[in-house]
C-alpha cells in the first residue's frame with residue numbers, strides 16, 4: 001500500500017459542491033446586478049466565474065497554486081472596482097483558497113491568498129472611491145474577507161493534515177502486518193526447513209546400517225514439512241487477501257514438542273529448569289525466542305550440544321540458549337535476532353545475543369511474567 005497523492009487526498013473535496021458554488025456565483029451575480037444601468041451584466045458574471053474557476057480545476061501545485069489565488073483575488077477586485085454590486089462574488093476567493101490549500105502546503109497557498117485578499121480589498125476601496133459606496137461598509141467587508149479567506153485556508157490545511165495522518169496510519173499498519181507475516185514465515189518455515197535439513201542428514205548417515213533410525217528421521221521430515229507447508233499456505237493466503245484461519249500462537253505448552261523435534265534432528269539438547277506459568281503473550285514470545293535460537297544453532301553453529309536454561313524470578317523469567325559451536329560477533333542481526341528482540345522488548349523485556357567467553361554462542365532473554 002502506498003501513500004495517496006496530493007490529488008487523491010483532495011479528491012473527496014472536489015465533488016459536486018465546487019460546481020454548485022460556481023453555478024450559484026454565476027446566477028447570483030446576474031441577479032444582484034440586474035438593476036445596474038452603468039455596466040452590462042455579462043462582464044460581471046464572467047469576472048465572478050473566472051474568479052471561482054480555481055475551485056473546480058484539477059488540483060494545482062507549486063507556483064500555479066499561488067498564481068491561481070492571486071488571479072482570483074485580482075478578478076474579484078476588478079469586479080468591485082467597476083462598481084458591481086455585492087453578491088456571491090464573496091464566495092469566489094474563499095472557495096478557491098479552501099480547495100487550493102487542501103492540495104498544497106501552507107507556504108504555497110498562504111502568500112497567494114494574502115495577495116489575493118489584498119487585491120480584493122483594494123477593489124472594495126476603489127468602488128467606494130469611484131462609485132460613492134459607503135466607506136465604512138467597504139472597510140469592514142475587506143477585514144471580513146481577510147478573516148474568511150484565512151479561515152478557509154486553515155480549515156483546508158487541517159483537513160489535509162488529517163487525510164495525511166490517516167494515510168500514514170494505514171501505511172504503518174500495513175507495514176507492521178507485512179513485517180509480522182514475514183516474521184511468522186521466517187520463524188515457522190525457517191525452523192521447519194532447518195529441522196528437515198538436519199533430519200535428512202541423519203537419515204543419509206544411518207541409511208545403510210540402521211533402517212529404523214532412517215525411517216524415524218524420514219517420518220520426522222514428513223511431519224515437519226507438513227507443518228511448514230501449513231504455515232506457508234496460511235501466510236500466503238493472508239497476503240493474497242483470501243480467508244484463512246489464523247493459527248493460535250504457540251506458547252509454553254508447545255515447548256516440549258519443540259525440544260523433542262530439535263533432539264530428533266541429532267542435536268544433543270539439555271534443558272535445565274522450566275518456564276512455569278506465563279501469560280499468553282509472554283509464552284508466545286518465549287516460544288518464539290527458543291525456536292529461533294535453536295534454529296540458528298541447527299543452521300549456523302555447527303554445534304554438537306546446546307543448553308536451554310530457565311530461571312524464574314519474582315516477576316520475570318530468564319531464558320538462556322547456549323551452544324558449543326562456532327560463536328562469533330553478530331555482524332548483521334537479520335530478521336532472526338531482530339525479530340526476537342522486537343518480540344521481547346514489546347513486552348518490556350530485554351534480549352542479548354552474542355558469543356560466550358568460552359566459545360560458542362548464547363541468546364539470553366528476560367521476560368516479564
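Among what's in segment 251-267 and is crowded, with 19+ Cβ neighbours inside 10 Å and within 18 Å of residue 343 (Cα to Cα), pick the residue that is modelled with the lowest pLDDT.
251
Against the conditions (1) modelled with pLDDT under 80; (2) crowded, with 20+ Cβ neighbours inside 10 Å, where does residue 145 fall short? Just the number, please.
If we test residue 145 against (1) modelled with pLDDT under 80; (2) crowded, with 20+ Cβ neighbours inside 10 Å, just (1) comes out false.
Give me a count of the residues in segment 309-352 that are buried (at least 21 other Cβ atoms within 10 Å of the Cβ), at pLDDT 85 or above and within 26 Å of residue 266 (Cα to Cα).
4
For the structure I just gave you, tell me whether residue 282 is modelled with pLDDT of 85 or more, more than 28 Å from residue 197 (Cα to Cα) and in a strand (DSSP E or B).
For residue 282, the condition - modelled with pLDDT of 85 or more, more than 28 Å from residue 197 (Cα to Cα) and in a strand (DSSP E or B) - is not met.
Suppose we keep only residues that are touching a helix residue (DSSP H, G or I) at 6+ places or on another chain (Cβ under 8 Å) and assigned to a helix (DSSP H, G or I) within segment 298-311. Which one would you say is farthest from residue 257 (Cα to Cα)?
So, considering only residues that are touching a helix residue (DSSP H, G or I) at 6+ places or on another chain (Cβ under 8 Å) and assigned to a helix (DSSP H, G or I), the one farthest from residue 257 (Cα to Cα) is 299.
What number of residues in segment 58-69 are surrounded by fewer than 18 Cβ atoms within 10 Å (Cβ to Cβ) and modelled with pLDDT of 75 or more?
Count: 3.
Taking segment 347-369 only, how many residues are touching a residue at least 24 places away in the same chain (Cβ under 8 Å) and either in a helix (DSSP H, G or I) or out of contact with any strand residue (DSSP E or B) (no Cβ under 9 Å at 6 or more places or on another chain) (or both)?
1
Restricting to segment 114-138, what's the tally of residues that are without any contact (Cβ under 8 Å) to a residue 12 or more places away in the chain and either in contact with a strand residue (DSSP E or B) (Cβ under 9 Å, 6 or more places away or on another chain) or loosely packed, with under 15 Cβ neighbours inside 10 Å (or both)?
6
The values are calculated or read from the model by the stated rules, or taken from the named source; none is laboratory data. Being a predicted model, the structure only gives us computed values, none of them experimental. Please note: Cβ atoms are built from the backbone with ideal geometry, for glycine as well, and neighbour counts cover all protein chains shown.
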